[in-house]
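Colleague: Mind looking over this structure? Questions follow.
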Amino acid sequence: MKLRHLFLAVLCFCLLAGCQKSVEPSRYIMPDVVVAIAPFTQPTQTSELLSGFIPEGQKSVSAKSLAALDSQFRTKLHTDKHKYVFLDASDIRGPLAKDERGRRNALVTWAERARRAGADMIVVPHIIMLQERVGGEAGAVSAAAVNEDFYLIDARKPEALLQRSHFAEEQQSLVNDLTQIGSFFRRGGKWISALELAGEGMDKAVEELGL
């Protein structure tokens with residue numbers, strides 16, 4: 001019976017994988033375009049958002065976790081195909097810039113930061129929520145969960161938000177959600193860390209934004 005169950009599980013996985021639609025990558029980033037990569041930040045006020053909302057009871061993401069996210073994201077970028085400029089914390093300090101109407105504006109702010117770095121576009125990664133796994137790989141009391149966004153902004157005037165890649169997921173067991181069988185096998189049948197889960201969102205963004 002165990003072999004039969006395993007066969008059915010693998011069959012379901014193959015069917016689900018075959019049904020997944022391929023993602024058409026962005027065509028905005030051309031070979032001659034310089035793209036700034038902003039460090040991960042966590043918006044805590046509505047004025048800092050480029051879209052979406054801040055969840056109630058949002059918990060702060062540590063500086064250590066933000067640095068780990070930055071390091072992981074940079075390793076996933078195709079630096080051999082695109083011209084990247086990597087920004088650090090000192091490049092994004094200061095209050096939000098104002099738009100033509102005198103209002104604080106996150107889009108204008110990120111575009112200005114990109115232009116100061118000599119970039120035509122900028123990728124802005126926002127981590128809204130990062131919940132670490134409680135427990136081990138074999139069994140977790142509480143699963144890892146992530147809510148993150150990646151924005152592609154054209155910094156050339158007039159500034160424009162070109163594309164958004166959104167990833168929000170909490171790992172589920174097969175007992176709770178059988179539709180997650182594809183993810184279950186892809187993750188090696190184990191409970192992964194929040195950083196590993198965030199990495200899946202990064203892979204999605206790299207593909208969708210054409211990075």
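Just so you know, all these numbers are worked out from the coordinates, no wet-lab data involved. Keep in mind that what you see is a predicted model, and the values were worked out from it rather than measured. Cβ atoms come from the backbone with ideal geometry, glycine included; neighbour counts cover every protein chain shown.
Colleague: Once you list every other residue whose beta carbon is under 9 Å from the beta carbon of Ala111, what net charge do they have if Lys and Arg are +1 and Asp and Glu are -1? Intermediate values should be presented prior to the final figure.
Modeller: Numbers: positive: Arg113, Arg115, Arg156, Lys157; negative: Glu112, Asp154, Glu159.
Once positives and negatives cancel, what remains is +1.
Colleague: Right, here's the next one. Mind giving me the nanometre distance, one decimal, between the label points for Asp91 and Tyr28, set 7 Å out from Cα along Cα→Cβ?
Modeller: Spacing of the two 7 Å Cα→Cβ label points: 1.7 nm.
Colleague: If you add up the charges near Leu87, with Lys and Arg at +1 and Asp and Glu at -1, over every other residue whose beta carbon is less than 13 angstrom from its beta carbon, what do you get? Could you put the intermediate results ahead of the total?
Modeller: Working: positive: Arg74, Arg93, Arg113, Arg115, Arg116; negative: Asp70, Asp88, Asp91, Glu112.
Once all neighbours under 13 Å are counted, the net charge is +1.
Colleague: Straight-line reach from Lys83: which aspartates and glutamates have a Cα under 15 Å away, not including same-chain ones fewer than 8 places off?
Modeller: Asp32, Asp120, Asp154
Colleague: Here's something else I'd like to know. Roughly speaking, what is the stretch gain from Glu132 to Glu48, that is 0.36 nm per residue apart minus the C-alpha to C-alpha distance, in nm to one decimal? It would help to have the intermediate numbers written out before the result.
Modeller: Values: separation 84, 0.36 × 84 = 30.24 nm, distance 2.40 nm.
Length gained, Glu132 through Glu48: 27.8 nm.
Colleague: Could you please report the charge total around Pro158, scoring K, R as +1 and D, E as -1 over all other residues with beta-carbon less than 12 angstrom from its beta-carbon? It would help to have the intermediate numbers written out before the result.
Modeller: Values: positive: Arg156, Lys157; negative: Asp99, Glu100, Asp154, Glu159.
Spelling it out: positives minus negatives among the neighbours equals -2.
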